[in-house]
């Protein structure tokens with residue numbers, strides 16, 4: 001099953017990115033994130049990028065596979081311009097693609113699932129470190 005992952009990692013930073021790039025240059029190893037992964041250290045990014053309307057739109061694309069943007073708008077009971085804007089945002093993220101079919105444009109979901117990874121293991125590890133440093 002193809003899935004797109006939004007990962008929250010509080011340790012992710014520009015400094016870490018710089019270190020990764022330097023390491024990649026020095027060792028000639030590619031350290032490129034997979035296309036199906038976006039990592040952020042700012043939880044607000046999740047809410048800015050993928051809101052309720054866009055998640056509903058993605059689910060509709062995946063489940064109903066509408067023939068064009070107009071049909072998608074009708075299925076969602078939303079204004080077509082708003083739907084087009086949300087579709088474009090998902091296209092920009094690489095979650096959806098647009099396929100021209102004659103005079104129409106068909107939006108296509110590129111993944112079966114969108115996953116939000118909040119790194120529970122990392123949070124547990126940080127809690128363990130804090131607890132052990134407090135002597136508990």
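Counting other Cβ atoms within 10 Å as a rough exposure proxy, the listed residues 100, 62 run 100, 62 from fewest neighbours to most. Neighbour counts of C-beta atoms inside 10 Å place 57, 37 in the sequence 37, 57, starting with the fewest.
Read-outs: derived from the displayed coordinates by stated rules, not from any lab. These numbers come from a predicted model, not from an experiment. Note that each Cβ is placed from the backbone with ideal geometry, even for glycine, and that neighbours are counted across all protein chains shown.
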